[in-house]
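Input: a single structure, listed below in structure tokens.
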2 protein chains.
Amino acid sequence: MPDPIASNKPWQEVAASLQAHRDATIAAVRTPLPPLPSSIPRNTMGLAAQLLTGDEVAITETAPEALLSQLSAGKLSSTAVTSAFLRRAALAQAATNCITELLPERALARAQELDAHLVLKGTPVGPLHGLPISVKEHVTMGGGLKTNAGFCAWAEHEGPNALILNYLWDAGAVFYARTTQPQTLMHLETSNNIYGASVNPFNTALTCGGSSGGEGALVGFRGSCLGIGTDIGGSIRSPAANQGLWGLRPSAHRLPNTGTTSTMMGEEQIVPVIGPISTSLEGVKVFTKTLIDQRPWLKQPDLIPIGWRDDVQWLKKNDKGAKKLKIGILSDDGVVRPHPPVLRAINEVVDKLKGVDGVEIVEWKPYKHDLAWDVIARLYFCDAGREELQAMEASGEPPRPLTKFIIHENSHVPKQAYTAPEIWKFTRDRDSYRTQYAEHWNSTGGADGSDMVDVILCPVGPGAAPPLDQSKYWGYTSQWNLLDYPALVFPVRCTPPHLVLPICI
Amino acid sequence: MPDPIASNKPWQEVAASLQAHRDATIAAVRTPLPPLPSSIPRNTMGLAAQLLTGDEVAITETAPEALLSQLSAGKLSSTAVTSAFLRRAALAQAATNCITELLPERALARAQELDAHLVLKGTPVGPLHGLPISVKEHVTMGGGLKTNAGFCAWAEHEGPNALILNYLWDAGAVFYARTTQPQTLMHLETSNNIYGASVNPFNTALTCGGSSGGEGALVGFRGSCLGIGTDIGGSIRSPAANQGLWGLRPSAHRLPNTGTTSTMMGEEQIVPVIGPISTSLEGVKVFTKTLIDQRPWLKQPDLIPIGWRDDVQWLKKNDKGAKKLKIGILSDDGVVRPHPPVLRAINEVVDKLKGVDGVEIVEWKPYKHDLAWDVIARLYFCDAGREELQAMEASGEPPRPLTKFIIHENSHVPKQAYTAPEIWKFTRDRDSYRTQYAEHWNSTGGADGSDMVDVILCPVGPGAAPPLDQSKYWGYTSQWNLLDYPALVFPVRCTPPHLVLPICI
């Protein structure tokens, strides 16, 4: 956590200054956007076709794997791709308020360098050659940039690159956009006192989710095809879900997450993770594989040295030797029943899966998900929220509504910081729950461990994207942080501008 | 941690009662030992040949892999092997005071059951078929047994089997002996108020090490060929070293360690681990492989799902395609210079390695091992030693000398339990040191990560086994707990009764 920097300016002036900086970086994007319509429609997804060139629309609506293939073959220049995403990101800001700054100068310099490399050497620098990648702002970016992580008091904080950025850079990435996050990073929405609220490009009356909501809105708007989020309770998955995107919350200790800027650094009862949000599954895959292939455990020692595994036989074989996948359907966690559209989407997926050879569908009974929330919520703010409160007090900024909800009004947040014996007790509670859930999972198979459920299919939240400041039920995502299971979000119906109904696997 | 059980009896009576129980279990071993010599020599290693049968000596001095091969082929019965180890363990108790109880009745019933199985089915029940395994007492054993973990107040504590015992049982193990540990488990020796001090079979004026010192003395005496220890600062390695044995401290989250009885449960800044002490490398291997092959991560969710890897190419190839191993020699940690015999042993190993084709020897420069101790020592007793002090106060037992040293006189133990912000700070210090050490390691190779040192060879402690209550320097072992590197101890000169000079790799 950075030391709060005392400022003589009121927090409103700090915010205004950061907004002005953001606007200036957007104004530096060439060619400037044409004038926006006097009234931006609630569903902003038609704006790009009106205001960008046909080439720009085509590029930004291409899946990352297809872009990478063309970039590495020299069929598309990184300069052209970066320029297109810069302009669409500028438009995304106008539509959804998802950007903290664009980086046109350094991004285009980088793109040109990569283009020159390809011409000169004939080979791409790495598997992400020339691809623009957007970055949640608290994933610290060095080289003179500042990182506020959603707090006015941290406006002047500078730090070196988060480790993940160095790996992506070495693989050929272009960093061109930094995106919003909420005050405290502990909302399932994206609202802070610096930039206000980020909203959903499919319906600006609704939230883009959070805390990686700037990424959600930007990638949802197709102002990015691949971005970096972080997740300790749903922060990658909620934005992926609310915009109908792909998002991966990897297990803890898998992808390099050191060097970010936030409160609660050193807390490890519930480990925050880093992962991708993308318009395609291949985007998620190339991001993850590129990092793992660079053996990040050599530089971040808590990462587990398991290489990328293409050779694992994930599927069991049935009696006839055919592959078989057993899917447990968790449509209702027993605490908050999902809205009918979510249940309809689940049923739709199940109906399709039932027709797939080798797939077996079974019901997944929830196991004490109410207890799970008690266990994880007690572990989130073991310092009584002191670091968050201090960061707000340092500038005098008020708590946002969902900050009040998760800290001030949360009965799981103690009055005083917990001491070692209390933390150990709650850690034992966590381990006990994890063990019980493992037994629950093991019980889906035979006594010898055979024929267990392979994967759980469940909602990412109880409904589609909610109106602002209403995202108060974390249970459908925080459940898997508590258990530290990897979770992939995928879109079910992603035909904008209609309802987006994602499922978490 | 068990609740301390208030007893109306003074702790001395509790201790006397537990000693009487131990003696009764030893007296139940058939055939009773012949009368011991009126004076037991300091070096007790000759006793077995005098007092046991030739067959018993032969069996108990056979390596575990050879015993397993004969047991699974029916050439040796588990009953014969178990009887032999029970008798030699009884003798080990007389020599070194390393036993808390023997289990002749249940062990022989188990052995007979296994023998019958082999006759009936023609196949062993698993890879440990019929092999007696000794167990450090705080590795909780169920079925009506009690577990005091070195505290008088816990004398009546009962719990179910620690998870590891179920896996070993399913693989065919026979549990026949439980062994001593020190008060608090936080000594590098083995001394408590229940049983007194356990000593070294090669020289009873010296310590057997600790905290798995009962195992060290028993396996050293050859009253066991394979035993279970635990380690948070050197507790497997110190006994392995002091008796010239093999001992493995695996990485955290590798072998199933839930269900043990101790203080500080739920503490995870420095994770306690479980592992084998054996008379052979193959003993270490079969123990570890047997556990991993049973996929213990299905029942203990924090374990990492990596199977046993026989197929990994650990060694790099040199220019000519030959395998190459680069060994870093850390002969002095820069804090406490090892005694000349230890340095001589290191040099002896290095001289031999220099003659081996494909081995490259380089110096390993220590990196701030004094700082490392500061970092780990602050993380050991974050509750100000409250649980240990409470467990002692509950019975009125006094602290043993090394308890005073590590709690009462240790400047790293706070006056009051640390709070969450303090623990987070010390955790960041830990991670910072781990990262610096990783950089230190990476710097031994080229910029591309090639040609790095593969393994460090270093002493397990600054000297051979010390006189009692003198084992106060943890740095040569706790260093690798802090870094969470796996560490294997092996004997260099293991010709009893002479000096034992082990090396940690």
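The values are calculated or read from the model by the stated rules, or taken from the named source; none is laboratory data. Bear in mind the structure is a predicted one, so any value in this text is a computation, not a measurement. Glycine also receives a Cβ, built like all others from the backbone with ideal geometry; neighbour counts cover every protein chain displayed. Heavy atoms of the whole protein, side chains included, go into the accessibility calculation; ligands, DNA and RNA do not. Shrake-Rupley method; radii C 1.70, N 1.55, O 1.52, S 1.80 Å.
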Once the Cβ-Cβ distance between B:Arg106 and A:Ser38 is put in as r, and R0 is 60 Å, what FRET efficiency do you end up with, to the nearest 0.05?
0.10
May I ask you to give the percent of accessible area on the range B:316-479 that is carbon plus sulfur, with a probe radius of 1.4 Å?
50 percent
Ordering of B:138-148, A:183-193 by burial proxy (mean other Cβ atoms within 10 Å per residue, highest first)
A:183-193, B:138-148
Please give the total accessible area that chains A and B bury against each other, computed with a 1.4 Å probe and expressed in Å² to the nearest 100.
2800 Å²
Quick check on chain B: helices-only [θ] at 222 nm, where DSSP H runs of length 4 and up contribute -39,500 (n - 2.57) each and the sum goes over total residues. Nearest 500, please.
-11000 deg cm²/dmol
Which three extents, in angstrom, do the Cα atoms of chain B have along their principal axes, listed largest first?
64, 56, 48
To the nearest 20 debye, the protein assembly as shown has a Cα-centred charge dipole, built from +1 on Lys and Arg Cβ and -1 on Asp and Glu Cβ, of 1200 debye
Taking every residue of B:434-446, the Cβ atoms of other protein chains inside 10 Å of its Cβ average out to 2
Counting just the Cα atoms, what span does the range A:199-305 cover along each of its three principal axes? Round to the nearest Å and put the largest first.
43, 30, 18
What nm distances, shortest first, do you get from the label point of B:Lys415 to those in the other copies when the point sits 7 angstrom along Cα to Cβ?
2.4
B:Leu281-A:Gln19 FRET efficiency (beta carbon distance; Förster radius 45 Å; 0.05 resolution)
0.10
How large is ³J(HN,Hα), in whole Hz, for each residue of the range A:374-389 in order, when computed from phi with the Karplus curve 6.51 cos²θ - 1.76 cosθ + 1.60 and θ = phi - 60°, using x for Gly and Pro?
4, 5, 6, 5, 5, 8, 6, 10, 4, 8, 6, x, 4, 5, 5, 4
Here the percent of antiparallel bridges among DSSP beta bridges lying wholly in the range A:26-298, to the nearest 5, is 70 percent
Under a crude label model (7 Å from the Cα following the beta-carbon direction), how far is B:Thr123 from B:Glu156 in nanometres?
4.7 nm
For B:Lys324, counting only lysines whose alpha-carbon sits under 27 Å away and dropping same-chain residues fewer than eight positions off, the answer is A:Lys299, B:Lys285, B:Lys289, B:Lys316, B:Lys352, B:Lys354, B:Lys365
Can I get the semi-axes of the protein assembly as shown's equivalent ellipsoid? Compute them from the C-alpha gyration tensor as square roots of 5 times the eigenvalues, in angstrom, largest first.
56, 29, 29
Once you have the Cα-Cα distance between A:Gln470 and A:Ser443, take 0.36 nm times their residue separation minus that, and quote the gain in nm to one decimal.
6.1 nm
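Given that compact globular proteins tend to follow 2.2 N^0.38 Å, what is the ratio of the alpha-carbon Rg of the range A:26-298 to that value? Mind showing how you got there, number by number?
Working: Rg = 17.0 Å, N = 273, 2.2 N^0.38 = 18.5 Å.
Relative to the 2.2 N^0.38 Å estimate, the range A:26-298 comes out at 0.92.
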Would you kindly compute the Cα radius of gyration of the range A:429-488 and its largest Cα-Cα separation (Dmax), both in Å?
14.7, 49
Quick one: how many Å² of B:Leu120 are accessible to a 1.4 Å probe, rounded to 10?
140 Å²
Under the 7 Å Cα-to-Cβ spin-label approximation, A:Asn410 and B:Thr31 lie apart by a distance in nanometres of 7.0 nm
Nitroxide proxy distance, nm - points 7 Å out along Cα→Cβ at A:Gln436 and B:Val271:
2.3 nm
Counting pairs of alpha carbon atoms under 8 Å apart in space and at least six apart in sequence, what relative contact order in percent does chain A give?
17 percent
Rounded, prolate or oblate: which one fits the range B:79-170, using the alpha carbon gyration tensor with axes a ≥ b ≥ c (rounded when a/c is under 1.5, else prolate when a/b beats b/c, else oblate)?
oblate
How far is B:Ala438 from the same spot in each other copy, in nm, shortest first, if each label point sits 7 Å from Cα toward Cβ?
2.4
State whether the range B:373-503 is rounded, prolate or oblate according to the following rule on the C-alpha gyration tensor (a ≥ b ≥ c being the square roots of its eigenvalues): a/c under 1.5 gives rounded; otherwise a/b larger than b/c gives prolate, and the remaining case gives oblate.
oblate
Binned Cα-Cα distance frequencies in the range B:313-427 - 10 Å width, integer %:
11, 25, 22, 20, 16, 6, 1
Name all residues of the range B:335-378 having a backbone nitrogen under 18 Å from the label point set 7 Å from the Cα of B:Lys323 along its Cα→Cβ direction, giving them as ranges.
B:353-361
Show me the ranking of peptides B:295-308, B:80-93 by mean Cβ neighbours inside 10 Å, starting with the highest.
B:80-93, B:295-308
What is the antiparallel percent of DSSP beta bridges lying wholly in chain B, to the nearest 5?
60 percent
Bins of 10 Å, starting at 0 and running to the largest distance - Cα pair percent for the range A:296-378
14, 25, 27, 29, 6
Give the relative contact order (percent, whole number) for the range B:316-479; include only Cα pairs under 8 Å separated by 6+ residues.
36 percent
Taking every DSSP beta bridge with both residues inside the protein assembly as shown, roughly what % is antiparallel (nearest 5)?
65 percent
Positive end of the dipole of chain B, charges at C-beta (+1 Lys, Arg; -1 Asp, Glu), about the Cα centre: which of B:Pro35, B:Gly475, B:Thr190 has its Cα farthest in that direction?
B:Pro35
Taking the solvent-accessible surface of protein heavy atoms with a 1.4 Å probe, what is the per residue accessible area of the protein assembly as shown in Å²?
38 Å²
Mind checking A:297-303 for the average number of partner chain beta-carbons within 10 Å of each residue's beta-carbon?
5
